[in-house]
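Scroll down for the structure; my scribbles are underneath it.
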Amino acid sequence: MLQIDRIRPSFFEASTCTHSELWLQRIDVEPGERIQIQAPSGSGKTSLTHFLYGIRKEYIGNIRYDEVDARSMDADAWADLRREKLAVVFQDMRLFAEPTLRTNFEIKRQLTVHHPESVIESWAIRLGIEHRLDTPAKLCSYGEQQRASIIRALLQPFRWLLLDEPFSHLDDANAKKAMDLILEESERQGAAILLSDLEIVPQYPRTRLLRLLA
């Protein structure tokens, strides 16, 4: 289980978080649960993703993965968690710029060999970027990069999937295709999803909705 225990960014005053449904609250994320976090600009949405992924620690409170406090985890423990249980789609995508999309995918796939190589082509076709597989990531559009970052995240095993504005560069049709793939793979793995976005995502059914700042 993931436990988010009364955290708030240390750069926010406690009074700012009084009406939040996540900051300063106890949130237990059950296996397979879907949580959508509605978070306007400036409310700490991306910071939350970074806290949960362990790349920033300027928060008050506790985050626990399977009863282990995130602050007590060393670099090796974080590497194991990210490789085997924790996947992420960052708002800024963070693809390797010079390698092709195919190489970006294969680097991730080889870390765990959780999926056969053939799934790369299959998912690229589903999300409409198969014609860009051998193109350097930096030459792809933001929408193509966003779809690629989603595929990359899904190539590993995970129990928790963090999504930070995963559809911000996609039209409704492509966002639905991407969400369908996310839900399909998350359900197959029995994984929980935490999706943060500026507005409520309509393609995201049967969720617990939390407002980061009311």
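Of note:
- Just one residue in the set 111, 162, 170 is over 25 Å from residue 40 (Cβ atoms) and not charged (D, E, K, R); that residue is 111.
- In region 5-25, the residues that are over 15 Å from residue 46 (Cβ atoms) form Cβ pairs under 6 Å with partners that are part of a loop (DSSP other than H, G, I, E, B) and of a type in the set (Asp, Glu), at six or more places apart or across chains, as follows: 10/58.
- The lone criterion from (1) in contact (Cβ under 8 Å) with a residue 40 or more places away in the chain; (2) within 28 Å of residue 22 (Cβ to Cβ); (3) in a helix (DSSP H, G or I); (4) not hydroxyl-bearing (Ser, Thr, Tyr) left unmet by residue 213 is number (3).
- Pairing each residue of region 176-191 that is charged (D, E, K, R) with any residue that is modelled with pLDDT under 95, provided the two are 6+ apart or on different chains, yields C-beta distances under 6 Å for 176/203.
- Taken as a whole, the condition of being assigned to a loop (DSSP other than H, G, I, E, B), farther than 24 Å from residue 1 by Cα, out of contact with any Cys (no Cβ under 6 Å at 6 or more places or on another chain) and in contact (Cβ under 8 Å) with a residue 60 or more places away in the chain does not apply to residue 149.
The values are calculated or read from the model by the stated rules, or taken from the named source; none is laboratory data. Worth saying up front: this structure is predicted, and the values here are computed from it rather than measured. Please note: Cβ atoms are built from the backbone with ideal geometry, for glycine as well, and neighbour counts cover all protein chains shown.
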